[in-house]
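Presented below is the structure to which this report refers.
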Amino acid sequence: MSNLLGAAALSKGMKSGLTRPLPRTRPGGLSVYLARRPAARLSILAMICCLAQAGIAQALEVVHKGDVVVVPLHGEISPSLLMFLRRAEKVAESNGASAIIFEMNTYGGRLDAAEEITSALNHATVPTYTFINSNAGSAGSLIALATQHIYMAPVSAIGAAAPVLPTGEDLPLTEREKTISYWTALIRSSAIKNGHNPDVGEAFMNKDKEVKIGDRVIHPKGTVLTLSAQEATEKFNGKPLLADGIAESIVDLMQKAGLKGHWVSLDPTGFEQLAFWITALAPLLLLGGIIGAYLEFKIPGASLPGIISAICFALFFLGHYFAGLAGWEVVGLFVLGMALVIIEILFFAHSTIVFGVVGVFLMLASLLWAMIDRYPGETFFPTGRMLAMPLLNLFLAIAAAAIGIVLLARYLPRTSIYRRFALITSNPSGPSLAGAPR
């Protein structure tokens with residue numbers, strides 16, 4: 001808007017015979033800074049391109065149709081591991097992999113992350129295998145039950161999934177009963193879906209569960225169940241207790257399971273670790289982007305808010321891209337919306353609001369779309385559960401930005417920073433034009 005007023009003032013000033021335009025606020029900001037300093041513009045663009053190319057090189061793996069995808073599942077079960085496994089599953093399904101093998105070595109971790117991982121694995125459209133290479137403790141055993149086949153290394157163990165506090169202490173009685181009741185139902189349903197013994201899965205968590213096959217008691221009450229490789233593969237009535245067999249390595253597993261083709265290992269990238277923090281801080285990045293854009297238009301000549309806004313939006317989209325939530329199409333939608341808003345401001349500010357409204361709608365839609373987690377084969381329109389968290393993040397960001405803009409509009413003009421920029425940009429050099437007709 002300030003750009004349009006300045007152009008109008010310049011036009012009126014020239015028609016009245018003045019050799020110098022009337023006092024106006026000089027348009028400035030990031031665009032002027034970059035236009036006057038091509039080196040800065042090139043360096044910023046080069047930095048963004050290098051980061052994007054480096055991230056893409058790490059995030060993309062070559063998986064061909066019929067390949068067996070091997071996914072390492074090591075360390076603590078955490079939200080960052082969830083992001084990696086989700087991306088690996090999407091890559092395998094999208095490229096037509098024949099199977100996914102999760103090479104597991106974990107002592108457990110967070111139950112909430114384990115719940116999300118089991119949900120993702122239970123929705124997999126390709127055969128899933130777990131190769132327990134040493135340990136599948138606690139939450140790891142629950143994840144293994146969400147795969148269709150389990151193989152174990154000769155020296156390995158699975159089980160002991162009783163819930164405890166982060167400090168290692170037992171849960172309070174009421175909370176423990178609620179947690180075990182919920183997870184027992186979840187474990188049993190997951191085990192049944194994937195062809196495992198549900199009593200074994202329940203005994204991993206509930207020490208009051210007895211495992212009995214026929215007249216033989218496999219595990220009595222009193223302790224949570226933990227199985228060695230030999231115990232898990234012991235057969236009863238021609239069917240193993242839990243694991244399909246013992247394998248020395250991934251290659252040995254593929255031979256025993258009859259899996260053909262090449263195997264491709266997918267490893268987590270450093271960007272996926274960064275993506276966890278970026279997606280967790282999505283509302284703050286959106287808040288910084290909106291506030292920075294507002295200050296860029298409010299304080300002409302101050303390029304720092306525009307740079308901060310661009311960095312916040314770039315980190316937002318890059319983080320969700322590397323987390324496997326968004327593609328480059330959402331960035332294109334956001335840029336298109338921004339272009340329509342700029343067209344509205346520069347050319348149609350006094351005649352129509354169609355371009356501005358459509359532009360704002362496209363920008364908000366792209367921000368929401370970037371946060372929606374959609375798996376291959378799901379419908380284009382997201383469900384209510386898929387929209388819940390993205391809508392909450394977007395609402396928090398917009399609400400906080402609205403409050404911030406109101407406060408800035410009231411108190412910013414009183415600050416020395418605003419007055420400094422206003423004086424610099426509103427007093428052109430040359431003779432005074434006091435008393436000139438306006």
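The values are calculated or read from the model by the stated rules, or taken from the named source; none is laboratory data. Here the structure is a predicted model, which is why all the values come from computation and not from measurement. Note that each Cβ is placed from the backbone with ideal geometry, even for glycine, and that neighbours are counted across all protein chains shown. Ligands, DNA and RNA are excluded from the accessible area calculation, which covers all protein heavy atoms including side chains. Shrake-Rupley method; radii C 1.70, N 1.55, O 1.52, S 1.80 Å.
Within the stretch 292-328, being open to solvent by 30 Å² or more (accessible area, probe 1.4 Å), under 22 Å from the mean Cα position of the chain (by Cα) and modelled with pLDDT of 75 or more holds for I308, A310, I311, A314, L315. Looking only at residues of the stretch 88-119 that are of a type in the set (V, I, T) and not in a helix (DSSP H, G or I), we find that the one that is nearest to I143 (Cα to Cα) is T106. In the stretch 329-339, which residue that is open to solvent by 20 Å² or more (accessible area, probe 1.4 Å) and farther than 18 Å from A293 by Cα is modelled with the highest pLDDT? Taking the candidates together, the pick is G332. Going by the conditions given, is K65 over 26 Å from E202 (Cβ atoms) and at pLDDT below 90? Taking the combined requirement at face value, the residue does not satisfy it. Listed by first and then second residue, the pairs with beta-carbon distance under 7 Å, at least 6 apart or on different chains, first residue in the stretch 202-228 and free of Cβ contacts under 8 Å to residues at least 24 places away in the same chain, second β-branched (V, I, T) and loosely packed, with under 15 Cβ neighbours inside 10 Å, are E210/V217.
Can you spot a residue in the stretch 172-193 that is within 18 Å of S138 (Cβ to Cβ), out of contact with any Lys or Arg (no Cβ under 9 Å at 6 or more places or on another chain) and not in a helix (DSSP H, G or I)? Scanning the stretch 172-193 turns up no residue that is within 18 Å of S138 (Cβ to Cβ), out of contact with any Lys or Arg (no Cβ under 9 Å at 6 or more places or on another chain) and not in a helix (DSSP H, G or I).
Looking only at residues in the stretch 255-291 that are of a type in the set (S, T, Y) and at pLDDT below 70, the one that is nearest to A402 (Cα to Cα) is T279. Taken over the stretch 358-400, residues that are surrounded by fewer than 17 Cβ atoms within 10 Å (Cβ to Cβ), of a type in the set (A, V, I, L, M) and either closer than 21 Å to A293 by Cβ or modelled with pLDDT of 80 or more (or both) amount to 11.
Of all residues in the stretch 84-113, those being open to solvent by less than 20 Å² (accessible area, probe 1.4 Å) and within 24 Å of W263 (Cα to Cα) number 13. Tell me, which residue of the stretch 152-197 that is of a type in the set (S, T, N, Q) and under 30 Å from P127 (Cα atoms) is surrounded by the fewest Cβ atoms within 10 Å (Cβ to Cβ)? Among residues in the stretch 152-197 that are of a type in the set (S, T, N, Q) and under 30 Å from P127 (Cα atoms), the one surrounded by the fewest Cβ atoms within 10 Å (Cβ to Cβ) is S181. Of the residues in the stretch 248-267, at least one is without any contact (Cβ under 8 Å) to a residue 40 or more places away in the chain, farther than 20 Å from I143 by Cβ, open to solvent by less than 50 Å² (accessible area, probe 1.4 Å) and not in a helix (DSSP H, G or I). For the stretch 160-180, the criterion of being at positive phi and touching a helix residue (DSSP H, G or I) at 6+ places or on another chain (Cβ under 9 Å) is met by at least one residue. Whether any residue in the stretch 208-222 is in a helix (DSSP H, G or I), of a type in the set (D, E, K, R), open to solvent by 40 Å² or more (accessible area, probe 1.4 Å) and over 21 Å from V164 (Cβ atoms) is what I want to check. Scanning the stretch 208-222, I find no residue that is in a helix (DSSP H, G or I), of a type in the set (D, E, K, R), open to solvent by 40 Å² or more (accessible area, probe 1.4 Å) and over 21 Å from V164 (Cβ atoms), so the answer is no.
For the criterion of being more than 17 Å from the chain's Cα centre (by Cα) and surrounded by fewer than 23 Cβ atoms within 10 Å (Cβ to Cβ), E116 fails. Residues of the stretch 406-416 that are open to solvent by 100 Å² or more (accessible area, probe 1.4 Å) and either modelled with pLDDT under 75 or under 16 Å from P305 (Cα atoms) (or both): R414 alone. Residues in the stretch 120-171 that are in a strand (DSSP E or B), under 19 Å from A97 (Cβ atoms) and either at pLDDT below 95 or of a type in the set (S, T, N, Q) (or both): T128, T130.
Going through (1) within 28 Å of D267 (Cα to Cα); (2) surrounded by fewer than 20 Cβ atoms within 10 Å (Cβ to Cβ); (3) under 29 Å from the mean Cα position of the chain (by Cα) one by one, S134 falls short only on (3).
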